[in-house]
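The values are calculated or read from the model by the stated rules, or taken from the named source; none is laboratory data. Just so we're clear, the structure is a prediction, and the values are computed from it rather than from any experiment. Cβ placement follows ideal geometry from the backbone for every residue including glycine, while neighbour counts extend to all protein chains displayed. Remember, those area values only see protein heavy atoms, side chains included, never the ligands or the DNA or RNA. Shrake-Rupley method; radii C 1.70, N 1.55, O 1.52, S 1.80 Å.
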Amino acid sequence: MAESHGNAKGSTAHTEADGGHKAPFPPFQKDTFASQLVSLLVAFVALYLIVSRIALPRVGSLLDERQNKIEGDLATAQKLKDGSDAALKAYESELASARSRAQAIGAETREKLNAASEAERKTLEERLSVKLAEAEKTIAATREAAMSNVRSIASDAAIAIVQRLTGVAPDRRAANKAVDATLKG
């Protein structure tokens, strides 16, 4: 009962027709065409039902989940971006406010310091003018004293010079008059 599948003489293969010719390809045989169409239709309907009822809903739910996750992430990212933009605007406005306050404080401090230095300068000028007046009085008194000493020194020197040159001592009154005349110019 064993069949030989080799090419030995006397054995026939399933694909060979009578007379040694090969039979046509089974899907193209006219006598099995209708049954093949029916089985193809049944397989297509079964595949369609499996895909439409089982596979597509799973894929669709995965796609919906993924889309919802992406939309949620984008919404969260937009909220965070809006929050960071608002924080940046608040930071910039606070920075501008702080700069203007710093400039106002600087201007106020500058004005106070200028006023204080002006007051100190005036006080110092007043003190210096008082010291200058006192110094001028001291200089005038010293000059007066020096001039009075110069007169007596000049008178003494004139008497000594005349006595040395002439050998006779002049009168002190005459020497004082000569010195006064010379000092007046």
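Helical content of the chain, expressed as a calculated mean residue ellipticity at 222 nm, amounts to -28500 deg cm²/dmol (DSSP H runs of 4 or more residues, -39,500 (n - 2.57) each, divided by residue number, nearest 500).
Taken along the Cα-to-beta-carbon direction at a fixed 7 Å, the label points for Ser93 and Ala178 span 10.0 nm. Rounded to the nearest 10 degrees, the angle from helix 56-166 to the longest Cα principal axis of the chain is 10 degrees. For the chain, lysine pairs with C-alpha atoms less than 23 angstrom apart, excluding pairs fewer than eight positions apart on the same chain, total 10. Averaged per residue, the chain has 89 square angstrom of accessible surface, using a 1.4 angstrom probe with ligands and nucleic acids left out. Rounded to the nearest percent, how much of the accessible area of the chain (1.4 Å probe, protein heavy atoms only) is carbon and sulfur? Accessible surface attributable to carbon and sulfur in the chain totals 62 percent. In summary, the convex hull built on the alpha carbon positions of the chain has an orientation-averaged projected area of 43.8 nm².
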